[in-house]
Every structure is written in C-alpha cells, then in structure tokens.
Amino acid sequence: MKLHDSLTRRTRRFEPLRPGRVTVYGCGPTVYDFAHIGNFRTFAVYDLLHRYLRWRGHEVDFVVNFTDVDDKTITGAADAGLRLAEHTETFVKAFLDDAKTLGFLPFSGHPRATAHIPAMVAFVEGLVERGSAYLAADGSVYYAVTSFDRYGRLSGKGGEDGAGRARIDAEDFEKRDPRDFALWKPAQAADREVGAVWDSPWGPGRPGWHLECSVMATSLLGDTIDIHLGGEDLLFPHHENEIAQSEAATGEPFARFWVHVKHLKVDARKMSKSLGNFHTVRELLDEGYDPAAIRWTLLSAHHRSELNFTRDGLDDATAAVQRLVDFRRRLRDSPASRGDGRGLAARAAEHLAAFGRALDDDLNVPRATAALWTLVKEVNTELDGAGGRVARTDREAVLGALAEMDAVLGVVGLAESSRKVAGADEERVQTLVEAREQARAARDFATADRIRDELAAEGIRLEDTPGGTRWTRVRTGP
RNA sequence: GGCGCCGUGGCCAAGUGGUAAGGCAGAGGACUGCAAAUCCUCGAUCGUCGGUUCGACUCCGACCGGCGCCUCCA
C-alpha cells in the first residue's frame, strides 16, 4: 500500500518493518469529557486503517492510549470532588461504549498514562543522563530542545526563529530555552487533592503530556513503530516533541510513517461549544440517527481532506446505508436460478479489486465506495433483467465481495444489527401483513393502505413483490 | 507575523496535463391497485484573472473567499 507520511510530506510505499506484523500507535482521547464527533472522525480513521491492515493479511498491534492525567482531567476531578481515577473512568467507559456503537474493531490495547508512570520516570532519567533534559529550579524536568538537531522537522515549526515569538509563561523563566517542554512537573495542591501525584527522583509530581505517548509506544511496540496516528492538531507540538524525546532516548527513528487526520467541521464552521455545534455520538443517537449512518458520514471524505459534518450529510448517509442494507437483503433473498452464472462473479471480483486498489492508495475511501456502488448497480440491473433470480455461484460471489468490502467499511453489518426486530414484534407485524394481504386480495385497498401506513410509522417498510409481500425494518433518520 | 490546507453540478465528495468517479436530493419514464424497492434517462468545464503548454480543471503567479496549526485540543 501507499500511505502519506507527514514527516517526509510524501505518499510512500508502506511495508512493515517486520514482515507480516504492523505496529501502530494512535494518540487517543484525553478522558476528561465525552469524546465528540470530531474526535471520532479521527478514531474512525484509526479503525479504518486497523481493519484495512488486517484485511490485507497483516498481524496488527494497534495501540490507542487514554490520557488520564493532565490539567483538564485533574481540574475535572477536583470540580467533581472525585479522585482522578474515578473521574476518568467514566469517560474511558463512555469512549469504549461509543467505539462499540460505531462498530470499531477492538484495538490491541488502550494503555493508560497513569499505569505507566514508572516507565516514564525511567525514560526521563535516561534523557537526563544523556544530557537531553535537565532539572530546573522550579522542580520541573524539561526537555532541552537545542540538544536535538532535528527538532522542528515534522512541523516546520519550533525553530530558533519561532522562538522569538513563543509565548512567555511564568514557567518559561525556568527554562533554558522557551521551546523546552516539561517532562515532569512537581506536584501542585490540585494534584494532591485528586491523587495525581507519583514519586520520582525529582520529588513527587506527575508526567508532562508529551511523555506518555513516547513511553507507551516504545515500551509496548518497540523503539521504532511502523505508523503513528493523530489528529492534525497534534502535529505540533505534541508529535514534534514525541519525536525529540523518543529519538533522543532510543537513538532510533521513532515512527516510520506519520498519519494525520484533518479536522472535521460542523456546518462549515469549526466545532466549538460556544457556537453550539458541538456534538457527541450519544447525542446523535438520542436524536434518532443510525450508528451506521454516523460511521458512514465520518468516513465519507478522505482522511487528509476536511470533512463537513451536517444534518444533511447524515441524512444522505442514512439513505446510502439503507440502500446497501436493501441490496444485501435482496441478494440473500433472491431465488437461485438454474444454470451457469451471468458473469456477475467476475464483475464482483473486478470491483472488489478496484475497491482494494483505492484503499491501497492512501486509504482512498471515496474511490473505494465508488467501486462498491458500481457493484450494487450492476447486480441490481442484472437482477431486474432476470426476474430477481441469480445463479447460486454469482450470488455467493457477490455476497462474498460485499462482505469483504464491509470487513473494511464496517457499515452494512452495523446497520443490520440496528434493524433487528424482536420476536414478539415480528409475530405482530407478520399478523398485520397477512391481514393486509387478505384485504388486498379482496381489493379492499383502503384497509391495505392503512395497515401499510401504520407499519411505516413505526419504521416497518412493506414491499409487494411477485413472490408476496415482504417487510423489513428501515432507518430513515429523525 | 510564521507554517500549511482548501475552493469541483442543489448538497456531499473523488480525480487527472488530453475535454470531469460515486453518493444524496430533484425531474421524466419503466414496474406497481397505489406505493416501496429496483432499473433507465436528464445536470457541472472544475473560485477569479493572467501565464506556461499543441492542449490545464490538473503546472506557475496574482487576487478573492474559506479554514487549520503556531496556547489545551482528534
């Protein structure tokens, strides 16, 4: 596959360092609040890459951390009158729930910063020994940016020129260079209040933000990882600092590919609480949107392009997803015709190949889905022409290709799972459908239409086919 | 001020130096008791102005508009 790497600013061929085994680290959520739809755009891309790599036959170690100690989590815990761990647990759980809702494959692990403090301390000790970090008068340990000559290579920022404009905080007076950043911070009153304090050779305190990712990535995945992911905002300073720390500590290249996901906008504007366009997954679900439609929307633009998230877009996605569900159902339910196929198997293979080629090209989902739609249309046309029948071999081939595509996209199965009808309801609906059939046979269309309308109101759609009336639950959005 | 991105049909969104995928919506048609589902047909010259080129939407420049990072942020 080819993958765009932010560090070299090139789209390059990707091969794992160790054949057959890919190591991926994605910066995960800071668990101080419910993750919003913008966070989940990024995480949806993580899931896409995860699924794609597995689909292409790789073993994947895919780690996504939880930042469970930082200013915001500490402030939040203090405001809630809780210990840090109690406070963050709520949002860890919420994240995992939302991830499941959106059909994410379980990642290999979700290391928490607070569970890796000893390794962080050791990491910092190593940096101090190497002369890459120093203990300042305020009790903080800072990374010395000037000790790393490649600093700024990723972002094109943070060079000496930029230092002139760097904001000068009170703590900056303790730094040797304004660009230096904290690896270890001495305990403050608020930290002690919520239990965010750990021992270290430099006294009680807590780790700086950038440190955790370097430590967890290298200790869990090795000194050099294949792919490092994050939102575009993390490029600087977070990822720049990760590189500086990690490479100074290990002497090895940190990440071979850097993938940054563009931010999404809501109604063409930056999502923010003040604009009132701030959405969480659970809010959208409460409004009645289909999880699969949310997922489809989040994946609807290439990950390096801006994604404009709108209600209209969600409605579009709802219709598109429903069409895919209908397609699979139609194919599954189609009676097998006798004789040889009509070439659908070959075309399914062709479109599946095109789908794969699109993803091979820097995860080009829009192009991949175009191949999917072409398959849908061609098969529907064929079914129309053949009275709804299709050769068994053709049917299995098309269903197989669809399943393969969905192994990466993860929407059809997700959509079907939210359209299940419980047993009791099923019997009730069946009874109504039969009553309507009798009314139709008696040409009592008023009664028939009334039953159909009633069922439609509860999301049950009826279709009168030559083989009888069929019904299905559909999602049409709020 | 520095670095960077974007502007494609009503909406969303790919793409390429040789005359623009796909989805949604809309219109007409087929099918249907009427529908639904499905299929068929119909729409853009790619922000503006210059330049390079046999030829640019695709390269270069300027401009207009929108946006991101530079401070916590997916």
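Scanning the range A:440-459 finds one or more residues that are part of a helix (DSSP H, G or I), in contact with a Phe, Trp or Tyr (Cβ under 8 Å, 6 or more places away or on another chain) and not aromatic (Phe, Trp, Tyr). Taking first residues from the range A:458-478 that are more than 8 Å from RNA strand B (Cβ to nearest atom) and partners that are among the basic types (Lys, Arg) and in a loop (DSSP other than H, G, I, E, B), the Cβ contacts under 6 Å between residues at least 6 apart in sequence or on separate chains come to A:ARG473/A:ARG419.
Look at (1) within 10 Å of RNA strand B (Cβ to nearest atom); (2) in contact with a strand residue (DSSP E or B) (Cβ under 7 Å, 6 or more places away or on another chain); (3) open to solvent by 10 Å² or more (accessible area, probe 1.4 Å); (4) more than 30 Å from A:ALA353 (Cβ to Cβ) and you find that A:THR67 fails only one, number (3). A:ARG436 - would you say it is of a type outside the set (Gly, Ala, Ser) and in contact with a strand residue (DSSP E or B) (Cβ under 8 Å, 6 or more places away or on another chain)? Here the answer is yes, as A:ARG436 does meet what is asked. Residues of the range A:188-201 that are in contact (Cβ under 8 Å) with a residue 12 or more places away in the chain and open to solvent by less than 50 Å² (accessible area, probe 1.4 Å): A:ALA190, A:ASP191, A:VAL194, A:GLY195, A:ALA196, A:SER200.
Checking the stated criteria, A:LYS2 turns out not to satisfy the condition of being out of contact with any Cys (no Cβ under 9 Å at 6 or more places or on another chain), free of Cβ contacts under 8 Å to residues at least 60 places away in the same chain and either under 20 Å from A:GLY109 (Cα atoms) or surrounded by fewer than 18 Cβ atoms within 10 Å (Cβ to Cβ) (or both).
Of the residues making up the range A:359-392, those that are more than 8 Å from RNA strand B (Cβ to nearest atom), under 26 Å from the mean Cα position of the chain (by Cα) and farther than 15 Å from A:ALA320 by Cα are A:LEU359, A:ASP360, A:LEU363.
Per the listing A:GLU247, A:GLU240, the residue uniquely closer than 30 Å to A:VAL145 by Cα, within 13 Å of RNA strand B (Cβ to nearest atom), outside any loop (DSSP other than H, G, I, E, B) and among the charged types (D, E, K, R) is A:GLU240. When A:ARG295, A:ARG311, A:ARG329 are checked against the criterion of being modelled with pLDDT under 95 and more than 8 Å from RNA strand B (Cβ to nearest atom), A:ARG311 stands alone in meeting it. Quick one: is A:LYS185 open to solvent by 30 Å² or more (accessible area, probe 1.4 Å), modelled with pLDDT of 90 or more and not hydroxyl-bearing (Ser, Thr, Tyr)? When the stated conditions are applied, A:LYS185 passes them. Exactly one residue out of A:SER300, A:SER272 is free of Cβ contacts under 8 Å to residues at least 12 places away in the same chain, within 13 Å of RNA strand B (Cβ to nearest atom) and among the hydroxyl-bearing types (Ser, Thr, Tyr), and it is A:SER272.
Yes/no matrix, rows are residues, columns are (1) outside the structural domain of A:ARG330 (by TED's automatic domain parsing); (2) open to solvent by 30 Å² or more (accessible area, probe 1.4 Å):
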| position | (1), (2) |
| --- | --- |
| A:VAL398 | no, no |
| A:GLU404 | no, yes |
| A:ALA407 | no, yes |
| A:VAL412 | no, no |
| A:GLN430 | yes, yes |
| A:ALA435 | yes, yes |
| A:ALA442 | yes, yes |
| A:THR447 | yes, yes |
| A:ILE451 | yes, no |
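Any idea which of A:GLY251, A:GLY222 is open to solvent by 30 Å² or more (accessible area, probe 1.4 Å), at positive phi, modelled with pLDDT of 95 or more and assigned by TED's automatic domain parsing to the domain that holds A:GLY156? Exactly one residue qualifies, and that residue is A:GLY251. All of (1) farther than 30 Å from A:ARG419 by Cβ; (2) out of contact with any helix residue (DSSP H, G or I) (no Cβ under 9 Å at 6 or more places or on another chain); (3) open to solvent by 20 Å² or more (accessible area, probe 1.4 Å) hold for A:ASP286 with one exception: (1). Tell me whether the range A:124-131 contains one or more residues that are under 27 Å from the mean Cα position of the chain (by Cα) and open to solvent by 20 Å² or more (accessible area, probe 1.4 Å). The answer is no, given that none of the residues of the range A:124-131 is under 27 Å from the mean Cα position of the chain (by Cα) and open to solvent by 20 Å² or more (accessible area, probe 1.4 Å). The residue that is nearest to A:ASP97 (Cα to Cα), counting only those in the range A:272-292 that are over 14 Å from the mean Cα position of the chain (by Cα) and part of a helix (DSSP H, G or I), is A:ARG282.
Listed here are the residues, each with its yes/no results for (1) of a type outside the set (S, T, N, Q); (2) within 20 Å of A:TYR143 (Cβ to Cβ); (3) part of a loop (DSSP other than H, G, I, E, B).
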{"residue": "A:TRP184", "(1), (2), (3)": "yes, yes, no"}
{"residue": "A:ARG192", "(1), (2), (3)": "yes, no, no"}
{"residue": "A:PRO201", "(1), (2), (3)": "yes, yes, yes"}
{"residue": "A:ARG206", "(1), (2), (3)": "yes, yes, no"}
{"residue": "A:MET216", "(1), (2), (3)": "yes, yes, no"}
{"residue": "A:LEU229", "(1), (2), (3)": "yes, no, no"}
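Checking A:ALA336 against (1) within 8 Å of RNA strand B (Cβ to nearest atom); (2) hydrophobic (A, V, I, L, M, F, W, C); (3) surrounded by fewer than 21 Cβ atoms within 10 Å (Cβ to Cβ), which single condition isn't satisfied? With (1) within 8 Å of RNA strand B (Cβ to nearest atom); (2) hydrophobic (A, V, I, L, M, F, W, C); (3) surrounded by fewer than 21 Cβ atoms within 10 Å (Cβ to Cβ) applied to A:ALA336, the lone miss is (1).
Taken together, A:ARG9, A:ARG13, A:ARG18 contain a single residue that is surrounded by fewer than 16 Cβ atoms within 10 Å (Cβ to Cβ) and in contact with a strand residue (DSSP E or B) (Cβ under 6 Å, 6 or more places away or on another chain), which is A:ARG13.
The values are calculated or read from the model by the stated rules, or taken from the named source; none is laboratory data. Quick caveat: nothing in here was measured; it's all calculated off a predicted structure. A quick note on method: Cβ atoms are made from the backbone with ideal geometry, for glycine too, and the neighbour counts reach across all protein chains shown. Note: areas computed on protein heavy atoms with side chains; ligands, DNA, RNA excluded. Shrake-Rupley method; radii C 1.70, N 1.55, O 1.52, S 1.80 Å.
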